[in-house]
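The structure under discussion appears below in the form of structure tokens.
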Amino acid sequence: MTTLIFTIVLFIGSILAGLLGSLTGLGGGVIIVPLLTYLGVDFHYAIGTALVAVIATSSGSAAAYVKEGVTNLRMGMFLEIATTIGAVFGALLVASRLIPTAVVAILFGIILILSAVNSWRKKAPIEEHVCSKMGKKFKLTGTYPASDGTHIKYGVKNVIGGFFMMMLAGVISGLLGIGAGAMKVIAMDNIMRVPFKVSTTTSNFMIGVTATAGAFIYLQNGYIHPALCMPVMIGVLLGAIAGSKILLQSNTAKLRFGFSIFILLVALDMIYKGWTGQI
Amino acid sequence: MIGKILRWGVYLALTVTSIGGLIYLINQHGQTSMQHSVFIENDENLWTLIKLTVHGVLKGDGLSIIELGILLLIATPLTRVIFSLWAFYKEKDRMYVTITILVLFIITISILTGFGG
């Protein structure tokens, strides 16, 4: 394959990955890793490229959410302590080669399955007005604008539990080159009982900084190759923008379900390839 | 303001990367074939990487211009954290000034791992 054709194939694939990631809510990075692997790119380059794509898409969409005033900036900064510690640890685990690539590939498949299944879950509205002592101490309470223009107050619970779950999300992000958005949302939704709107936007906001902590380690180990990052970064962003436009216009429940089945198949294939030593 | 930093950071990185990409593809003449199937570990600390990138950019090398775009992209969330530090300081929120410094400290550690030798 010539450089030009390879770049074009990668570019088109990345647009689709960005579109898929944005429609399913799984994020762009998660699909970039299998895409690059299928194109014969080494796993190390694949996770490096995916992490760059993750920073691009999360920063792009976080910009819009911050403007709407839904993102809880203090909660984001507080939990970033946990995610960045985790990300540095995860990226060092890969860079030090303590874990064989095959194991990382299998772990990737498992996380992919968890994320896809999680996207089917029905989300019950959370209304917690009480706030735990820890939550008050760290000023994690907040308000978010409702559709009728009023501001809804919310409190948080289980700050320590959420903090440790965030640390784990950071490790996964640094280890696999993904945003681990699903795990961040679980930490905030299920453990800390933050309203869904706040948890999704705040998790998105945190992904950029978490990925940056891992990216510096990837960068200095040569995982981030400019020739691969160029088409992927541009393609994923274009795909994600298109995806968010489609989401606004149509009811995408069926589309989302179909795509997550596709992602499940990819996940199973990654596990199979890791198991049989093809990665 | 934080939204603006993120948006313009991404736009800037995207523009630089696109320019570098075009130069890279034109100079390649679409002839050489890509080899990414074998991973070559390349240990360079951040300082060396920046120096090499600036050198390449001055020579008009496409790959170096893309690398500059990637560095700008990675710097975007970092700039956001530094700006938050200033914002919390203005609000006289000591606790969050400390928390933000802690986050910056952890990111600094991730940079320092490249200087280990």
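The values are calculated or read from the model by the stated rules, or taken from the named source; none is laboratory data. What you see is a predicted model; the values in this text were computed from it and never measured. Every residue, glycine as well, gets a Cβ built from its backbone with ideal geometry; the counts of neighbours run over all protein chains shown.
Tabulated data for the structure shown
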{"item": "Verdict on A:L219 being under 23 Å from A:F108 (Cα atoms), surrounded by 24 or more Cβ atoms within 10 Å (Cβ to Cβ) and out of contact with any Ser or Thr (no Cβ under 6 Å at 6 or more places or on another chain)", "result": "yes"}
{"item": "Test: residue in the range B:47-67 that is at the interface with chain A (Cβ under 7 Å from one of its Cβ atoms), over 15 Å from A:M233 (Cβ atoms), surrounded by fewer than 21 Cβ atoms within 10 Å (Cβ to Cβ) and touching a residue at least 12 places away in the same chain (Cβ under 8 Å)", "result": "yes"}
{"item": "Checklist (1) under 18 Å from A:L36 (Cβ atoms); (2) part of a helix (DSSP H, G or I); (3) under 12 Å from the mean Cα position of the chain (by Cα) applied to A:L175, failing item", "result": "(3)"}
{"item": "Residue, farthest from A:A91 (Cα to Cα), within the range B:83-117, restricted to residues that are among the basic types (K, R) and either assigned to a helix (DSSP H, G or I) or modelled with pLDDT of 95 or more (or both)", "result": "B:K90"}
{"item": "Tally, over the range A:70-97, of residues that are outside any helix (DSSP H, G or I) and closer than 17 Å to A:M188 by Cβ", "result": "3"}
{"item": "Check on A:K184, of a type in the set (D, E, K, R), crowded, with 24+ Cβ neighbours inside 10 Å and more than 9 Å from chain B (Cβ to nearest Cβ)", "result": "yes"}
{"item": "Pairs with Cβ under 6 Å, 6+ apart, first in the range A:256-279 and under 11 Å from A:A116 (Cα atoms), second not in a helix (DSSP H, G or I)", "result": "A:S260/A:S119"}
{"item": "Tally of residues being assigned to a helix (DSSP H, G or I), within 10 Å of chain B (Cβ to nearest Cβ) and of a type in the set (S, T, N, Q) across the range A:208-264", "result": "3"}
{"item": "Odd one out for B:Q28, checked against (1) modelled with pLDDT of 90 or more; (2) within 7 Å of another protein chain (Cβ to nearest Cβ); (3) surrounded by fewer than 19 Cβ atoms within 10 Å (Cβ to Cβ)", "result": "(1)"}
{"item": "Residues that are buried (at least 18 other Cβ atoms within 10 Å of the Cβ) and under 28 Å from B:E44 (Cα atoms), drawn from the range B:83-103", "result": "B:T100, B:V103"}
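Every residue, every condition in (1) under 12 Å from the mean Cα position of the chain (by Cα); (2) farther than 21 Å from B:I106 by Cβ; (3) assigned to a helix (DSSP H, G or I), yes or no:
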| position | (1), (2), (3) |
| --- | --- |
| B:I40 | no, yes, no |
| B:T48 | no, yes, yes |
| B:L52 | no, yes, yes |
| B:G56 | no, yes, yes |
| B:L68 | yes, yes, yes |
| B:L71 | yes, no, yes |
| B:A75 | yes, no, yes |
| B:V81 | no, no, yes |
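Residue-by-condition table, conditions (1) farther than 14 Å from A:V209 by Cβ; (2) more than 10 Å from chain B (Cβ to nearest Cβ); (3) aromatic (F, W, Y); (4) in contact with a helix residue (DSSP H, G or I) (Cβ under 7 Å, 6 or more places away or on another chain):
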residue	(1), (2), (3), (4)
A:M75	no, yes, no, yes
A:T83	no, no, no, yes
A:L93	yes, yes, no, yes
A:L98	yes, yes, no, no
A:T101	yes, no, no, yes
